[in-house]
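This report concerns only the one structure given below.
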Amino acid sequence: MKKCLIVVDLFKHIIENMQSDTTLKNDSSTINKNYFEPRIDNLKELIHILQFNKHFDITYCGDQKQCLDKTYKVIEMKYDENIKYDEYYICGVSLSQCVTEKYNSINSDKKFIIKDCCFQEWYTYDDSNNPDHPKVNTIQELIKFENDFLDGKMRFKFYDNSPGNDGSGEWDYGEYEKLNTIKSEDLL
């Protein structure tokens, strides 16, 4: 049984920008301690263990030069969409956008988002180019958003889905398909 771990857009500059962002009503040490550090540690541990597992391929989708941690040679493998894996595990940045797009692009019933190895970007008031990120005030609201999104309680509805659209739209609440998730500890 062959499995694949796909790490999506784990860009160093995005993580650093999120860590230093002051728009959330928490100090940066709280955000780092309660959100970033545990998730980065989970991801590093997962990669460290799975890189020696003969049943797993690990790949990175995104610009290799911008990867958060360039020390993992195994992460430099290219993703080959022609290989059919028995199971797929996806994590990275940004949960409601790039991670979910990769998840949706995989034609398999055995695909999972590793929720404690994902990071969600949020909307800041001076960032009008990303209205499809959540508007949150605290780290607790960000985590609630992630859980609601994964549980299918909301999706972003674009006003214009054509190529070259301006990205405008709104979050729509309803009953959507729940995404398959797993915690990193359950994978190990």
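Values in this text are rule-based calculations from the coordinates and carry no lab data. What you are looking at is a predicted structure, and each value in this text was computed from that prediction instead of being measured. Cβ sites come from the backbone with ideal geometry, for glycine too, and all protein chains shown count toward neighbours.
With θ taken as phi - 60° and the coefficients 6.51, -1.76 and 1.60, list the Karplus ³J(HN,Hα) couplings across segment 34-41 in order, rounded to whole Hz; mark glycine and proline as x.
With the stated coefficients, segment 34-41 comes to 9, 10, 6, 4, x, 6, 5, 4 Hz.
Whole Å is fine, so just give me how far the alpha carbon centre of segment 147-181 lies from that of segment 1-30.
After rounding, the separation between the Cα centres reads 21 Å.
What Rg and what Dmax come out for segment 1-59 when only alpha-carbon atoms are used, in angstroms?
14.6, 45
Check Asn180: other-chain or 5+ apart residues with amide H under 5 Å from its amide H, H built from backbone geometry?
For Asn180, the qualifying residues are Ile113.
Once amide H atoms are built 1.01 Å from N in the peptide plane, which residues 5 or more positions from Gln120, or in another chain, come under 5 Å H to H?
Here the answer is Leu95, since their amide H atoms fall under 5 Å of that of Gln120.
Which trypsin sites (Lys or Arg not before Pro) in segment 8-49 pass both tests, a DSSP loop state and at most 12 other beta-carbon atoms within 10 Å?
On the way: sites: Lys12, Lys25, Lys33, Arg39, Lys44; in loops: Lys25.
Here the sparse-neighbourhood loop sites are Lys25.
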